[in-house]
Amino acid sequence: MNQDTLVQLAYIAASVLFIFGLKMLSSQRTAKRGNVVSAAGMLIAVIATLIGQDMQYQWIILGILIGGAVGATAALRVPMTSMPEFVALFNGFGGMASLLVGWAEYQRNLPVWAEGEAPYVTVIAIAIAALIGGLTFTGSLIAYGKLSETINSKAVLYRGQQIVNAAIVAVALICIVVFVINADNPAIAASYAPFLILVALALVLGVLATIPIGGADMPVVISLLNSYSGLAACAAGFVIMNTVLIVAGSLVGASGMILTAIMCKAMNRSLGNVLFSGFGAVVTAGGTAKQGEAKPITPEDAYYILENARSVVFVPGYGMAAAQAQHVVRELGEILEENGTEVKYAVHPVAGRMPGHMNVLLAEANVPYEQLVEMDEINPAMESVDVAIVIGANDVVNPAAREDPASSIYGMPIINVDYARTVFVLKRSLASGFAGIENDLFFKENTRMLFGDAKSSVQAVINEMKEDA
Amino acid sequence: MSSEILLLFTFVLAIFLGFELISKVPSQLHTPLMSGANAISGVTIVGALVAAGSLAEGAFSVVLGTLAVVFATINVIGGYLVTDRMLAMFKTKQHGGDK
């Protein structure tokens with residue numbers, strides 16, 4: 001058996017470990033081990049590559065030391081509330097790496113191709129790696145900026161936006177064609193010029209495609225960028241004709257696509273609508289705004305109701321993360337449990353700024369996994385819930401999505417908190433949510449508003465409970 | 001069959017495999033799934049190593065390759081570590097739901 005066969009066998013082993021790792025990530029019991037299995041696959045792939053061919057290691061070691069130090073430091077320091085922007089940024093780095101791999105391969109082979117013939121599959125793959133990798137990189141940087149609020153997270157729209165973007169895509173495609181045709185042209189500039197233009201256009205496109213997407217649509221964008229980073233790796237795999245890159249890249253590409261579809265479905269919108277409409281930037285005059293009187297409540301009254309509740313469901317949204325209220329929420333949950341109340345936490349699929357983000361925050365606050373329930377699990381049981389406590393969520397609990405065909409969110413699946421006997425809504429004011437529409441929930445007969453900062457409101461209720469105990 | 005076609009074949013099968021693998025993940029685990037998948041996408045490090053290690057073929061491609069190694073390593077190391085950190089927080093009650 002020669003060395004190359006051994007390397008290929010190692011790549012197969014690595015691919016199998018990636019597959020098992022991903023599989024194990026889909027269950028809470030096995031997820032942590034799954035991540036280790038997948039990391040072991042990565043280690044095997046790296047080692048096989050390093051010993052598989054003649055290489056000089058000095059630059060590799062330098063790169064791994066720098067990247068490892070930066071990556072490890074960032075990963076161990078990032079607070080859980082910042083997870084969305086962190087994952088967005090890392091997606092971008094993956095995209096950038098794939099772009100650079102394509103570019104390096106092009107640079108390396110240029111002298112050979114200029115004298116003979118260029119393999120077209122490789123050349124096309126280089127172009128695709130540059131295009132997807134480049135737009136993933138800048139798109140992720142913009143997503144990072146919006147999520148960390150270093151730049152305005154509102155959708156940026158201007159007249160003719162889609163025409164501009166379409167024009168850029170068209171020019172980029174022309175660059176790819178010119179680049180591929182001229183890859184074996186003895187005049188190096190004939191292929192290098194369109195390649196550099198392509199890279200520049202990909203970077204610009206990433207920015208322009210991401211700015212029209214508003215803050216609360218970010219779960220879709222991150223999922224999509226996640227998918228792109230996988231596809232970019234896949235393209236890089238075609239560049240260097242490497243199976244493990246293609247398999248692992250496809251798995252990530254597919255998983256990102258599935259998450260994207262789940263997020264879109266949870267908002268009852270098409271992917272095209274999320275990407276191009278700039279939802280939330282324009283004030284949509286939809287829905288018959290039901291006016292009525294919102295009934296405020298004091299922490300003391302809230303306590304009296306909670307004291308007698310047999311089952312309580314917390315429904316967190318982005319506001320909980322923004323107010324850093326997850327720890328006091330868990331504390332309140334524990335006090336209620338000691339009082340004999342059944343406590344659950346119901347999370348909407350698009351609550352927060354990335355898929356599953358609220359669950360991570362609650363887990364960080366020591367909420368046991370079995371108390372975290374999905375929307376489809378809690379809704380049928382909602383009528384037997386005594387108190388539903390909405391913390392910083394708005395559109396995902398708006399009954400207009402179910403009742404008002406004129407509303408712009410009509411048809412979106414929601415958590416039916418209004419079916420609970422009593423609903424507490426913790427909110428700063430009566431302001432509308434991301435979709436820019438009134439929330440009928442606030443004016444329902446069984447709704448009580450607990451105005452103020454979510455964290456201090458919950459703390460006030462806890463204090464009432466402790467005083468009495 | 002040419003090797004290009006075989007690679008394409010692998011690609012198509014792996015995409016379908018990915019769809020099958022991921023479609024049943026509970027929404028509670030979506031964040032760790034995404035960051036774990038993100039770490040896997042750092043597999044492009046394999047290509048980066050090849051580029052950074054071939055010094056004989058010109059300095060510029062080594063510069064590009066080394067940069068690629070840096071980005072991909074951040075992606076791999078950071079991605080796996082942060083996923084591990086997150087998953088360690090998901091505990092069932094028996095193993096200590098309370099502090």
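Points to keep in mind about this one:
- Listed by chain and number, the lysines placed with their C-alpha closer than 24 angstrom to that of A:Lys427 are A:Lys146, A:Lys154, A:Lys290, A:Lys295, A:Lys344, A:Lys444, A:Lys455, A:Lys466; residues fewer than eight positions away on the same chain are left out.
- Mean Cα-pair separation over length for chain A, i.e. relative contact order, pairs under 8 Å, 6 or more apart, %: 14 percent
- With K and R counted +1 and D and E -1, the other residues having a Cβ less than 9 Å from that of A:Ala388 yield a net charge of -1.
- Accessible carbon and sulfur surface of the stretch A:1-77 relative to its total accessible area, %, 1.4 Å: 69 percent
- Taking the Cα centre of the stretch A:91-160 as reference, the dipole from Cβ charges on Lys and Arg (+1) and Asp and Glu (-1) amounts to some 440 debye.
- Global form of the stretch A:1-77, assessed from the alpha-carbon gyration tensor, a/c cut-off 1.5: oblate
- Part-to-part distance (alpha-carbon centres) for the stretch A:227-276 and the stretch A:28-74, which is given in Å: 22 Å
- The stretch A:299-468, accessible surface, carbon-and-sulfur percent (1.4 angstrom probe): 46 percent
- Atom-type composition of the exposed protein surface of the stretch A:142-195 places 70 percent of the accessible area on carbon and sulfur (1.4 angstrom probe).
- Distance in nm between pseudo-label sites at A:Ile174 and B:Glu4 (7 Å out along the Cβ direction from Cα): 2.6 nm
- Magnitude of the charge dipole for the protein assembly as shown, about its Cα centre and with charges confined to Cβ atoms of Lys, Arg (+1) and Asp, Glu (-1), is about 400 debye.
- Heavy-atom accessible area buried between chains B and A is around 8500 Å² (1.4 Å probe, both sides summed).
- A dipole drawn for the stretch A:299-468 from +1 and -1 charges on Cβ atoms has a positive end, and of A:Ser456, A:Asn339, A:Tyr419 the residue lying farthest that way is A:Ser456.
- Whole-number percent relative contact order across chain B, with pairs defined as alpha carbons under 8 Å at least 6 apart: 28 percent
- Per-residue average of Cβ from other chains inside 10 Å of A:256-268: 3
- Projecting the Cα atoms of A:Ala209, A:Leu22, A:Thr447 onto the charge dipole of the protein assembly as shown, computed from C-beta unit charges around the Cα centre, puts A:Ala209 farthest toward the positive end.
- Quotient of Cα Rg and 2.2 N^0.38 Å for the stretch A:299-468, N being how many residues it contains: 0.94
- Summed over all non-identical Cα pairs, the Kirkwood treatment of chain A gives a radius of 24.6 Å.
- Computed over protein heavy atoms with a 1.4 Å probe, the accessible surface of the protein assembly as shown works out to 39 Å² per residue.
- The calculated FRET efficiency for the pair A:Leu62 and B:Glu57, based on their C-beta separation and a Förster distance of 22 Å, comes to about 0.75.
- Magnitude of the charge dipole, chain B, Cβ model with Lys/Arg +1 and Asp/Glu -1, debye to 20: 540 debye
- What the Cβ-Cβ distance of A:Lys265 and A:Glu307 gives, at R0 = 41 Å and to the nearest 0.05, is a FRET efficiency of 0.60.
- In chain B, helices alone account for a calculated mean residue ellipticity at 222 nm of -21500 deg cm²/dmol, with every DSSP H run of four or more residues adding -39,500 (n - 2.57).
- Residues in the stretch A:6-29 occluded by at least 10 Å² - accessible area, probe radius 1.4 Å, against chain by itself: A:Phe18, A:Ile19, A:Leu22, A:Lys23, A:Leu25, A:Ser26, A:Gln28
- Inter-chain Cβ neighbour count for A:36-44, averaged per residue, equals 4 (cutoff 10 Å, partner chain atoms only).
- Helix-only mean residue ellipticity at 222 nm for chain A, each DSSP H run of n ≥ 4 adding -39500 (n - 2.57), per residue, nearest 500: -19500 deg cm²/dmol
- Between A:Ile197 and A:Val112, the FRET efficiency estimated from the beta carbon spacing at R0 = 22 angstrom works out to 0.45.
The values are calculated or read from the model by the stated rules, or taken from the named source; none is laboratory data. Note that the coordinates shown come from a computational prediction; the quantities given were computed from them, not determined experimentally. Here the Cβ is made from the backbone with ideal geometry for all residues, glycine too, and neighbour counts use every protein chain on show. Heavy atoms of the whole protein, side chains included, go into the accessibility calculation; ligands, DNA and RNA do not. Shrake-Rupley method; radii C 1.70, N 1.55, O 1.52, S 1.80 Å.
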